[in-house]
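Each value in this text was obtained by applying a stated rule to the coordinates, not by laboratory testing. In this text, all values refer to a predicted model and were calculated from it rather than measured experimentally. As a convention, Cβ positions derive from the backbone with ideal geometry for all residues, glycine included, and neighbour counts pool all protein chains shown.
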Number of protein chains: 2
Amino acid sequence: MRVEIVAVGTELLLGQIADTNSAWLGQALAAAGVDSHFHQAVGDNHDRIVLALRTALARADGVIVCGGLGPTQDDITREAIAEVMNVPLRRDETIEERISQLFGARGRHMPPSNGRQADVPLGATIIEPTRGTAPGLMCPVGHKVLYAVPGVPHEMAEMFERGILPDLRRRQVEAGEESVIVSRVLRTWGTSESALAEALQGRVEVLDASRADGAGGRGTHEGQPGGGTVTLAFLASGIEGIKVRLTARAPDAAAAAGLLAAEEAMVREVLVGRFGDIVFGIDDETMETAVAGLLLARRLTLGTAESLTGGLIASRLVDVVGASRWFRGGVVAYTPDVKQDVLGVPAGPVVSEAAAVAMARGAARLLRADVGLGITGVAGPESEEGVAPGTVYVGLALPGDEVETATLTLPGDRPRIRQYSAISALDLLRRRLSALPALPERAPSAPGVA
Amino acid sequence: MRVEIVAVGTELLLGQIADTNSAWLGQALAAAGVDSHFHQAVGDNHDRIVLALRTALARADGVIVCGGLGPTQDDITREAIAEVMNVPLRRDETIEERISQLFGARGRHMPPSNGRQADVPLGATIIEPTRGTAPGLMCPVGHKVLYAVPGVPHEMAEMFERGILPDLRRRQVEAGEESVIVSRVLRTWGTSESALAEALQGRVEVLDASRADGAGGRGTHEGQPGGGTVTLAFLASGIEGIKVRLTARAPDAAAAAGLLAAEEAMVREVLVGRFGDIVFGIDDETMETAVAGLLLARRLTLGTAESLTGGLIASRLVDVVGASRWFRGGVVAYTPDVKQDVLGVPAGPVVSEAAAVAMARGAARLLRADVGLGITGVAGPESEEGVAPGTVYVGLALPGDEVETATLTLPGDRPRIRQYSAISALDLLRRRLSALPALPERAPSAPGVA
């Protein structure tokens with residue numbers, strides 16, 4: 001089963017927005033074991049949408065067209081589909097009535113243009129809208145199929161899951177094509193994409209050799225237990241480090257899970273042997289959730305003192321639900337005298353390891369936290385105190401009056417240096433906390449902290 | 001002149017990365033007055049790249065293919081282009097030698113696979129690489145043209161500007177198609193996209209009526225002075241508000257600038273009359289640069305006290321170059337006792353307007369700032385002190401012991417409530433500062449503040 005995605009909207013061609021819908025649908029199709037060999041984007045123009053849909057139908061078994069179902073004169077996907085199907089549009093009175101009621105419920109009359117959203121190509125079935133006014137469409141074209149969904153991302157995603165995915169599954173079963181795809185992302189911080197790729201090159205070659213021809217191939221490899229294939233991919237995600245994505249495709253869920261687990265163990269062994277503790281999380285885990293878990297397990301609280309990051313670190317920590325259980329607060333000390341007056345940093349240079357440690361100690365003291373994190377450095381564009389942009393000092397004040405420091409040299413412009421500084425400081429904290437013993441579970445009778 | 005963009009990479013189809021290159025190229029082509037009616041994405045598969053290129057050449061005058069020029073076996077754009085051109089690949093020894101020297105300069109031998117980057121389809125000319133090892137390609141196909149650039153964004157962008165754009169300009173001149181496109185974005189905060197669209201509907205209709213048929217049309221309207229067309233578009237940019245984009249296309253730069261200035265004046269008049277002071281900046285100006293400009297002009301300094309935003313506001317302010325001239329620092333007071341101990345908030349509820357004002361005063365006092373900004377509220381997912389998620393209180397402590405407060409009710413999940421809170425608080429500060437008189441320029445002999 002091959003499905004092509006067609007995104008409709010002149011704003012996509014003009015680059016006014018990036019086409020995140022196609023990326024989302026690409027992920028969702030891959031996860032469902034459906035191949036997608038081409039994506040297209042096309043503007044709000046009748047003839048060109050018709051041409052894009054015909055082109056897509058010629059080279060795929062199904063097409064998902066996304067966008068152009070709204071009420072305005074620019075929204076012409078319905079008309080284009082009707083032309084491709086060679087059928088007229090019919091106004092569906094039930095849908096029109098429901099749209100009218102939605103307006104009525106808000107004390108408004110339905111503008112006549114919204115009636116267009118009730119136009120359905122003859123022979124198409126609708127996917128009921130639950131989040132907007134526009135219904136989705138499922139349109140047979142010979143033995144192929146054309147699905148239409150709104151361009152509003154959360155409406156599109158909900159209709160895909162509820163309306164399109166079950167229909168695709170049914171078609172896969174009919175074609176004898178059931179397979180399960182599962183994937184897992186290992187998130188790393190501290191090394192380059194090329195170093196990761198080099199370290200794992202051996203595994204990639206073994207997997208490539210054992211896999212059937214090319215991307216999207218559906219062949220299974222007899223040599224692997226249970227049948228199925230595994231692929232490794234490296235994704236540079238900018239300021240959040242490098243991701244290693246493991247994807248297993250197998251005839252059933254158990255086989256896919258087994259392949260994935262075995263591959264993850266092999267990849268982790270290679271990475272630990274070569275780079276140490278660089279995997280900070282899997283899938284959606286972030287550096288701050290890793291830090292949160294370590295602090296909670298050790299019953300420690302944290303306070304921060306930030307200069308060049310200016311609150312980025314505190315803000316990332318507060319994004320974790322329940323942060324008040326382990327995060328006390330922070331001080332943004334952007335000027336030397338605030339560092340001295342509020343945090344008690346000694347007079348003298350404030351861009352140094354000693355200043356970072358003094359900031360960490362000051363934060364722990366002022367905020368009554370067990371652990372203090374201090375960071376100072378130069379975000380640029382100009383040097384400060386003779387220190388070049390990208391030079392950053394991190395200090396940790398730990399229980400038992402222990403301290404740890406790091407000096408970083410970071411690339412990029414001001415925003416990137418600030419972002420890299422924040423995640424690097426959190427990673428230092430993560431590694432240092434990992435070395436401290438975790439405490440046993442708190443007794444259930446102990447009072448919780450809000 | 002119509003140019004289609006073809007992005008190559010299986011990772012695009014799988015949605016592992018969003019296709020930002022096509023968006024960038026779409027913007028750059030529009031700015032150059034080149035129409036782009038379709039974009040395609042295709043995986044790393046020879047036959048499918050060939051099909052995508054042939055499809056694109058059939059419906060455009062030129063094609064930019066992006067990606068697949070690297071050294072690995074996955075990088076097969078060169079071979080696909082040679083097949084479309086129906087010519088062999090020839091190894092260019094000058095390029096090969098230069099790549100080899102690049103490796104030598106880093107003390108390494110060139111891996112044999114990198115030699116592939118010196119393969120050039122017969123009849124193609126190269127665009128010299130200045131930032132990587134892969135050259136770009138300019139390939140004639142009959143009277144049409146196929147450009148190939150690497151997928152690394154900054155290499156792609158640099159080659160487009162240096163190699164492709166001049167060639168496109170030459171082709172536009174030959175086709176008698178010179179025109180200039182200029183655009184400006186008015187950035188607003190405080191109203192919805194539909195309210196903006198409704199307020200400006202009259203202007204949109206006038207402009208639509210006076211413009212030649214559809215997106216990408218090149219017709220000029222005789223009724224407009226100097227010839228040329230103007231379009232209005234509304235772009236919801238999520239947490240940064242709604243943008244109104246004005247785009248003028250005219251035969252020369254002066255005419256385009258004149259059209260744009262006239263349209264901006266009309267749009268601003270409509271917006272001020274309907275919504276008041278909602279335009280906070282143009283083009284790349286952010287809410288924090290607006291605040292910075294107002295504080296500098298009034299010689300005021302700012303200190304912040306943040307609860308639910310947890311440093312987001314301070315971090316946005318520090319992102320402005322030279323922030324130390326007007327930003328003193330901030331306190332992230334995420335727990336009630338930090339609000340009380342560090343900021344002097346009275347005991348009692350800490351999610352209230354009174355607490356926000358006390359935080360603002362505490363920040364101004366502790367950080368010795370002229371203006372204090374305090375923010376407290378509930379980011380969710382749970383209620384706090386009986387206050388529902390999305391309820392946010394902002395307090396400003398201004399010179400002369402004046403205060404200003406606002407209560408916000410914000411939609412969305414935890415991250416969005418925090419982001420909306422940050423920009424809403426900055427917008428309140430912006431509007432309040434606008435009402436204070438600006439001071440005359442500081443005398444040149446006065447000592448500067450670092």
* Cα convex hull of the stretch A:3-174: mean projected area in nm², to one decimal? -> 9.6
* Asked: Shape of chain B from its Cα gyration tensor (a ≥ b ≥ c, root eigenvalues): rounded if a/c is under 1.5, otherwise prolate when a/b > b/c, or oblate?
  -> prolate
* Asked: Angle, helix B:165-174 long axis vs. longest principal axis of chain B, Cα atoms, 0 to 90°, nearest 10?
  -> 60
* Structure fact -> Distance in nm between B:Asp252 and B:Ser383 label points, each 7 Å along Cα→Cβ, equals 6.8
* Asked: In the protein assembly as shown, what % of DSSP beta bridges are antiparallel (nearest 5)?
  -> 65
* Asked: Taking the Cα atoms only, what angle lies between the long axis of helix B:253-275 and the longest principal axis of chain B, rounded to 10 degrees?
  -> 30
* Asked: What whole number of Å gives the distance from the Cα centroid of the stretch B:156-193 to the Cα centroid of the stretch A:175-199?
  -> 37
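Kindly give Rg over Rh for the protein assembly as shown, based on alpha-carbon atoms, with the Kirkwood expression for the hydrodynamic radius.
Value, to two decimals: 0.97.
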* Return the sequence-ordered ³J(HN,Hα) values of the stretch A:86-100 in whole Hz as given by the Karplus equation 6.51 cos²θ - 1.76 cosθ + 1.60 applied to θ = phi - 60°, using x for Gly and Pro. => 6, 9, x, 8, 10, 6, 8, 5, 5, 5, 4, 4, 5, 4, 4
* Given the stretch A:306-383, what whole percent of its Cα pairs are spread farther than 20 Å? -> 28
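Could you give the Stokes-Einstein D for the stretch B:243-356 in µm² per second, using the C-alpha Kirkwood radius, 4 °C, 1.567 mPa s?
Diffusion coefficient, whole number: 74 µm²/s.
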* Gain upon complete extension [A:Thr72, A:Asp284; 0.36 nm per residue less C-alpha separation] -> 72.6 nm
* Could you pull out the GluC sites (Glu not before Pro) across the stretch A:59-155 that fall in loop regions by DSSP (anything but H, G, I, E, B) with no more than 12 other Cβ atoms inside 10 Å? => none
* Asked: For chain B, what does -39500 (n - 2.57) per DSSP helix run (n ≥ 4), summed and divided by total residues, give at 222 nm, in deg cm²/dmol to the nearest 500?
  -> -11500 deg cm²/dmol
* Pull up all non-local amide H partners of B:Asp35: gap of 5 or more, or a different chain, and H-to-H distance under 5 Å with H placed in the peptide plane. => B:Val3
* Using the alpha-carbon centroid of each, what span in Å lies between the stretch A:13-49 and the stretch B:248-276? -> 33
* Over chain A, calculate the relative contact order: mean separation of alpha carbon pairs under 8 Å at least 6 apart, over the residue count, as a percent. => 10
* **Cβ-placed point charges (K, R +1; D, E -1), dipole of chain B about Cα centre in debye, nearest 20** => 780
* Structure fact -> Highest GNM mean-square fluctuation among A:Gly281, A:Gly136, A:Gly344, for chain A with Cα springs under 10 Å, belongs to A:Gly344
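Across peptide B:6-12, what mean number of C-beta atoms from other chains lies inside 10 Å of a residue's C-beta?
Working: counts 1, 2, 0, 1, 9, 7, 6.
Taking the mean over all residues of the peptide, I get 4.
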* Would you mind computing, in nm to one decimal, how far apart the modelled labels at A:Val403 and A:Glu198 are, each placed 7 Å from Cα along Cα→Cβ? => 3.6
* Structure fact -> Counting only DSSP beta bridges fully inside chain B, the antiparallel percentage to nearest 5 is 65
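Given axes a ≥ b ≥ c from the Cα gyration tensor, I'd like to know whether the stretch B:340-439 is rounded (a/c under 1.5), prolate (a/b larger than b/c) or oblate.
Oblate, since a/c reaches 1.5 and b/c is not below a/b.
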* Calculate the length of the line joining the C-alpha centroid of the stretch B:65-97 to that of the stretch A:353-407, in whole Å. => 50
* **Shielding of B:337-346 by partner chains, average beta-carbon count, 10 Å** => 3
* Work out how much length B:Val321 to B:Val270 would gain on full extension: take 0.36 nm times their residue separation and subtract the Cα-Cα distance, in nm to one decimal. => 15.0 nm
* Using θ = phi - 60° and the Karplus form 6.51 cos²θ - 1.76 cosθ + 1.60, what ³J(HN,Hα) does each residue of the stretch A:108-119 get, whole Hz, x for Gly and Pro? -> 10, 7, 5, x, x, 4, 5, x, 4, 5, 8, 7
* **Long-range amide H partners of B:Ile127 with built H, under 5 Å** => B:Gly136, B:Leu137, B:Met138
* Per residue of B:314-324, what is the mean number of Cβ atoms on other protein chains within 10 angstrom of that residue's Cβ? -> 6
